[in-house]
Structures are given as C-alpha cells and as structure tokens.
C-alpha cells in the first residue's frame with residue numbers, strides 16, 4: 001500500500017513491495033506539486049507490480065536501454081555497416097529523446113518522431129531546397145523496426161507493458177524499383193573515354209573501365225591485387241573487398257557467392273599490363289614496396305577512395321556529353337553492364353554468376369524490367385515455332 005508525505009512544497013509517494021528474490025524494497029518518488037499527482041503516480045507503480053513489474057527498472061532511460069539491448073542482441077559480431085547503422089539510429093533517438101525514461105514514451109510521440117524523421121526535418125544541409133530532403137521509406141521502416149525489437153525485449157523484461165511502436169505508420173520516399181543505367185551508346189562512350197584516360201596517374205579512370213567491363217562492385221574493384229589477374233586465362237579472381245567506408249582495409253566479400261571468377265577480354269589484360277609496368281617503374285624510382293600488390297594505388301601510394309572513383313566517372317560522363325540528369329554513379333556501371341549483356345541476349349543465369357548473386361531470382365528481381373524486350377522476342381519465337389510444328 002502506498003503512503004504519502006509532504007516535503008516542503010512537494011509531495012512524495014512510497015510504495016513497499018517484495019521483489020522476485022523475496023527481498024522487501026521501497027519504490028519512492030517526489031517532486032509532485034499536488035498530492036493527487038503523487039497518488040496517480042503511486043497507483044501506476046502498484047498497477048505495474050500487479051502485472052509482475054519491477055519498480056527498480058522503471059527509471060531506465062531509452063538511450064541506456066538501447067545501448068544494452070543493441071550490444072547484447074544486435075551488434076555483437078556483426079559487420080561494420082550494421083554497427084554503424086545502430087550508432088546512427090541512436091544519434092537520431094538522442095536528438096528527440098535524450099534523458100527520457102523508456103516507459104515515458106507515448107505512441108503519439110513516437111509517431112510524430114517517425115513522421116519528422118521521414119520528412120528529414122533534422123537535416124541541416126547546405127542546399128537551395130525549400131524543404132528538407134525526405135528519407136527513403138526503407139530507412140524509416142528500418143528505424144521503426146529496430147526500435148520495435150528493443151521495445152519487445154523491454155516488455156519481456158517487464159520494463160514496459162505496452163508497445164509504443166504498435167500501429168506506427170511509416171512514410172518516406174518509395175524506391176521506383178528500377179535501376180538507373182546508361183543506354184548502350186552512352187555506355188560505349190564511357191568505356192572508350194575511360195580506356196583512353198586510364199593510366200597509373202589516373203587510376204580513377206582505370207577503376208571506371210574495370211567496373212564497366214566486369215560489373216564488379218566498387219569495393220571489389222578497390223580490393224584488386226595483381227595476383228588476382230590471370231593474364232593467361234583472361235580471368236579476374238574476386239576473393240575479397242575493400243572497406244572504402246571506414247578505411248579498415250581488406251574485408252570479406254558481400255556474400256559467399258561474391259567470391260567468383262570473371263572472364264575478361266584480352267584488351268582489359270593489355271591495359272592492366274601497361275599500367276602494371278607504369279606502377280612498377282614508379283615504385284622502382286621511389287623505392288616504394290607494396291607487400292599487398294594493390295592495383296588501385298595512386299602515385300601517392302594510397303588506395304583511391306570511392307569518392308575519387310565517382311569523381312572520375314563524373315568527369316568521363318561530362319566528356320561524353322551525357323546530361324546531368326542521366327548520369328550514373330559507380331554502382332550504376334554494374335547496372336549498365338548487366339543491361340548491355342541482357343540487350344545482347346546473354347543468358348541471365350550466366351549474368352547472375354558473373355555478378356556474384358547467390359540465386360538467379362535475385363538477378364531477376366533487380367533486373368527483371370530490363371528483360372521485358374527479351375521476353376517479347378522469346379514469346380514471338382515460341383509462337384512461331386509452335387506454328388511450324
């Protein structure tokens with residue numbers, strides 16, 4: 001039963017209870033201007049006790065519990081990208097709920113937070129936009145989903161008795177579902193300019209050329225070493241990737257199936273041999289020794305960044321006369337590579353293996369819309385052949 005006392009101008013409640021170990025404890029809190037407010041708070045504590053709650057856990061802060069939960073269940077042993085995402089989400093939670101108790105968050109507060117997060121109201125960008133740039137629905141859904149996972153854990157621990165994320169509506173910019181690619185004419189221009197500019201002093205152009213000719217991810221291109229190039233069989237061995245986000249060096253490929261061999265043309269080998277000779281001559285002059293035998297090192301002996309690769313691609317696209325609104329990023333080279341192969345009738349199963357997809361259904365899901373014209377051709381052949389039967 002709760003008792004109340006007035007200390008100065010404020011009321012305090014005290015609720016005696018027995019914990020799960022049989023120990024007698026007291027839950028107390030003060031600072032209420034009205035006795036009725038203290039009575040309401042005490043009644044809430046007693047209700048929680050009846051439901052099996054532990055008052056000693058009621059003061060836990062949202063951010064503190066997020067840290068405990070994420071460390072215990074989510075980020076231990078996970079990839080750098082996963083850890084970064086949890087830290088990023090924590091930063092956004094801190095901006096709105098710093099110092100707030102976990103059990104004080106109301107559903108309407110959470111919905112408003114999600115609405116503002118989706119609208120990008122927290123973004124402070126140097127831009128001419130009249131409104132903040134909205135976030136994608138995918139990232140907004142992830143934020144809500146991660147916090148919902150934390151809330152469920154808190155309910156299991158009897159810290160919470162209801163889910164403040166229940167019924168939350170997520171919004172944001174929906175992906176068109178279509179990948180951005182260069183048409184075959186522009187793609188050919190990019191390839192031609194890249195091979196013309198590629199040299200030891202312009203490694204970015206080499207990266208663009210390799211990306212165009214192989215469809216490799218940027219992290220895979222940056223991780224290439226000279227032993228990965230089989231000059232006799234004209235094959236690139238993809239065995240690992242490069243951490244271009246955090247600069248930690250080599251890391252495993254995105255998936256197990258990403259470890260693969262990619263067939264290349266003799267012209268690619270010819271260019272690589274030329275640049276290998278240029279690199280070796282430079283190292284001989286400077287006395288530099290590269291134990292990793294990296295291909296994508298610039299004249300300062302640093303592995304080039306993803307930003308440098310995208311900048312090189314941007315320069316090449318400008319040179320090719322491609323309008324800004326039609327230009328692609330480095331990852332768009334991968335999509336353009338696939339688009340070109342599909343347009344030439346290359347088997348989708350081979351393309352899937354070339355990309356390092358674990359299953360052809362992944363390839364079909366991403367590039368299915370590019371297969372429409374091929375489907376029409378195959379349908380025409382099927383009807384024609386059946387007519388000839």
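Please work out the Cα center distance from region 213-271 to region 312-389, rounded to the nearest Å. Measuring centre to centre over Cα atoms gives 21 Å. Entry note: region 169-273 has Rg to Rh equal to 1.04, where both radii use alpha-carbon atoms and Rh is the Kirkwood radius.
List the relative contact order of the chain as a percent without decimals, with contacts defined as Cα pairs under 8 Å and 6+ residues apart. Display every interim value, and only then the final one.
Details: 484 pairs, mean separation 49.2, N = 389.
RCO, the chain: 13 percent.
Judged by the ratio a/c of the largest to the smallest principal axis of the C-alpha gyration tensor, region 11-133 counts as oblate, that ratio being 1.5 or greater while a/b is no larger than b/c.
Which order results if 366, 190, 26 are arranged by neighbouring Cβ count within 10 Å, fewest first?
26, 366, 190
Reported to two decimal places, what Rg/Rh ratio describes region 184-379 when computed on Cα atoms with Rh from the Kirkwood expression?
That ratio is 0.97, to two decimals.
Based on the Kirkwood radius over alpha-carbon pairs, what is the Stokes-Einstein translational diffusion coefficient of region 62-156 at 25 °C with 0.890 mPa s viscosity, in µm²/s? Can you show the working numbers first?
On the way: Rh = 14.3 Å.
Result for D is 171 µm²/s.
Our analysis of region 2-56 gives Rg over Rh at 1.01, with the two radii drawn from alpha carbon positions and Rh computed by the Kirkwood formula.
Sorting 145, 257 from the fewest to the most surrounding beta carbons within 10 angstrom yields 145, 257. For region 1-32 and region 52-96, what is the separation of their Cα centres, given in Å? One Cα centre to the other: 29 Å. Among 71, 291, the ranking by other beta carbons within 10 Å of each residue's beta carbon, starting with the fewest, stands as 291, 71.
Kindly provide the helix-only [θ] at 222 nm of the chain, computed as the sum of -39,500 (n - 2.57) over DSSP H runs of four or more divided by all residues, to the nearest 500 deg cm²/dmol?
My calculation for the chain gives -15500 deg cm²/dmol from helical runs alone.
For the chain, take the longest principal axis of its alpha carbons; what is the angle in degrees between that and the long axis of helix 80-97, to the nearest 10 within 0 to 90? Once rounded, one gets 40 degrees. Short to long, the 5 Å bins of the Cα pair-distance histogram for region 271-362 hold 3, 10, 15, 14, 14, 17, 14, 8, 4, 1, 0 percent of all pairs.
Shown here: region 180-227, whose C-alpha atoms stretch 32, 22, 15 Å along the first, second and third principal axes, sorted largest to smallest. Helix 372-388 and the longest principal axis of the Cα set of the chain meet at an angle near 60°.
Computed from the coordinates by the stated procedures, all read-outs in this text should not be read as laboratory data. In this text the structure is predicted, and so the values were computed from the model without any measurement. Every residue, glycine among them, receives a Cβ derived from its backbone with ideal geometry; neighbour counts consider all protein chains shown.
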